[in-house]
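Below is one structure, written out as structure tokens, with a few remarks after it.
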């Protein structure tokens, strides 16, 4: 399925998807995990933005593990130019390309 401009615009004007975020810089590790757990528990699916540092970020890995333990469908989006060696082990085979048409394929499966 391709997402055209009208459909993309509706993502913003008539949101049917909650984009949940949390300011990690203003909290300690315990608060981060509790906030992430609450967000993940309310989610139908989780899409992780993957960069060169994700694989070594303990919070990112914990979030992936938390989503998996809750049985929540997950996918990763690689934003790096050279993805070799940067994809966390639990997201191998669950990656998607960057772009609304690829995001829509994951979202429509939820």
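A short reminder: the numbers here are calculations on the coordinates, not readings from a lab. None of the values given here were measured: they were computed from a predicted structure.
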> For residue 28 and residue 59 in one chain, what is 0.36 nm times their gap in residues minus the Cα-Cα distance, to one decimal in nm?
Replying inline: 10.0 nm
> Stretched out fully, how many nm does the piece from residue 51 to residue 105 gain, at 0.36 nm a residue minus the Cα gap?
Replying inline: 17.3 nm
